[in-house]
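Q: Structure provided below as structure tokens; questions to follow.
The values are calculated or read from the model by the stated rules, or taken from the named source; none is laboratory data. Note that the structure is predicted; figures quoted are calculated from it, not measured. Cβ: placed from backbone, ideal geometry, glycine included. Neighbour counts: every protein chain shown. Remember, those area values only see protein heavy atoms, side chains included, never the ligands or the DNA or RNA. Shrake-Rupley method; radii C 1.70, N 1.55, O 1.52, S 1.80 Å.
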Amino acid sequence: MTLTVNNITTNFTTFPNINNGNYKQKKKISGITKFASAAGSTIGITAALMTISKKSGGKLSEYFKNFLNTIKKAEFNDKNVIFIASASTAGGFAGGALTDSKNIMAKAKEGLVQLIGNYIIPSLFVGAGINLNKKIIDANTNLKNSPKSLKLMYFLTGMASLVTGVLFGNLVSEKLNTNIFNEKSVRPVNWKDWAEQFDNVCLVTSMATTGTTLAKTVSKAIPLAHFLPGYITGTKTENK
């Protein structure tokens, strides 16, 4: 008797290797964490603006009146932008950490990238670039005869400084993450990072057109733009 065995072909499904770095699964962010991060960022921004506002009297009503005038009339500089961004990031981190303690490390890493890479270094570059340009022009009185050309020159210098600052800031934040958290951290600059530079574009415009209505108008958008770094930091989770 002959026994015939048919060939059996088995198809195996290949699952992604989670250790090869190509497979990322993000943990779902809870509604309470989103709310807490948003609230923390908002509180941080408000506290920063209150600090920037100078108290003009002993009464609480006078204090808040001055606070509103600061937002209405202020022309924020690079130091103000850094201070507001720091307060937003700290507030967002605090809110996110309180409601999502399992991802505190991820939030700390993201906060470092946001603060150093997207705000502190770019804002410092913008301020230094425009102020240096103004000093050079002050030394050359011939360039002062065309105010519109001067403002355009300040703006272009500020934008070039901003782009340089974002790229350099990203490299610095990667190095800090590697040294502080003892892991190789590679985070290329993405479209979100550029989108978050809206506040620094407003800063460039404000510093380039100091004393004008345009400078006061764009400055009003700066506090609103700083909501993002705090919220993004607070809602950050580890990739699995």
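Q: Regarding the range 170-188, can at least one residue be identified that is β-branched (Val, Ile, Thr), in contact with a Leu (Cβ under 7 Å, 6 or more places away or on another chain) and in contact (Cβ under 8 Å) with a residue 24 or more places away in the chain? Give the derivation first.
A: Step one: list which residues in the range 170-188 are β-branched (Val, Ile, Thr), which gives 172, 178, 180, 186.
Imposing the further condition that a residue be in contact with a Leu (Cβ under 7 Å, 6 or more places away or on another chain) reduces the set to none.
No, there is no match, as no residue in the range 170-188 is β-branched (Val, Ile, Thr), in contact with a Leu (Cβ under 7 Å, 6 or more places away or on another chain) and in contact (Cβ under 8 Å) with a residue 24 or more places away in the chain.
Q: State all residues of the range 211-240 that are among the polar types (S, T, N, Q) and open to solvent by 10 Å² or more (accessible area, probe 1.4 Å); if no residue qualifies, say none. So that I can check it myself, show each step before the final result.
A: From the range 211-240, those among the polar types (S, T, N, Q) are 212-213, 217, 219, 233, 235, 237, 239; that's our starting set.
Answer for the range 211-240, where residues must be among the polar types (S, T, N, Q) and open to solvent by 10 Å² or more (accessible area, probe 1.4 Å): Thr212, Thr213, Thr217, Thr235, Thr237, Asn239.
Q: Sticking with this one: Would the range 106-124 turn up any residue that is in contact (Cβ under 8 Å) with a residue 60 or more places away in the chain, open to solvent by 20 Å² or more (accessible area, probe 1.4 Å) and in contact with a Leu (Cβ under 7 Å, 6 or more places away or on another chain)?
A: Within the range 106-124, one or more residues are in contact (Cβ under 8 Å) with a residue 60 or more places away in the chain, open to solvent by 20 Å² or more (accessible area, probe 1.4 Å) and in contact with a Leu (Cβ under 7 Å, 6 or more places away or on another chain).
Q: Filter the range 125-161 down to residues that are within 22 Å of Lys79 (Cα to Cα) and either crowded, with 21+ Cβ neighbours inside 10 Å or of a type in the set (S, T, N, Q) (or both), then give me how many there are.
A: First, the residues of the range 125-161 that are within 22 Å of Lys79 (Cα to Cα): 125-136, 151, 153-161.
After this cut, where a residue has to be either crowded, with 21+ Cβ neighbours inside 10 Å or of a type in the set (S, T, N, Q) (or both) as well, the list is 125-127, 129-131, 133, 154, 157-158, 161.
Residues that pass the stated criteria total 11.
Q: Hey, another quick one. Show me the helices (runs of 4 or more DSSP H) entirely contained within the range 149-240 in which 3 or more residues are within 22 Å of Ala87 (Cα to Cα) and either under 18 Å from the mean Cα position of the chain (by Cα) or of a type in the set (Gly, Ala, Ser) (or both).
A: Values: elements: 191-195, 198-208, 213-219, 221-225, 227-234.
Correct list: 191-195, 198-208, 221-225, 227-234.
Q: Scan the range 181-210 for residues that are surrounded by 21 or more Cβ atoms within 10 Å (Cβ to Cβ) and of a type in the set (Asp, Glu) and report the count.
A: 2
Q: Moving on. Which residues, counting only those in the range 171-180, are surrounded by fewer than 21 Cβ atoms within 10 Å (Cβ to Cβ) and of a type outside the set (Asp, Glu)? Outline the logic, then answer.
A: Going through the range 171-180, the residues surrounded by fewer than 21 Cβ atoms within 10 Å (Cβ to Cβ) turn out to be 171-172, 174-176, 178-180.
Answer for the range 171-180, where residues must be surrounded by fewer than 21 Cβ atoms within 10 Å (Cβ to Cβ) and of a type outside the set (Asp, Glu): Leu171, Val172, Lys175, Leu176, Thr178, Asn179, Ile180.
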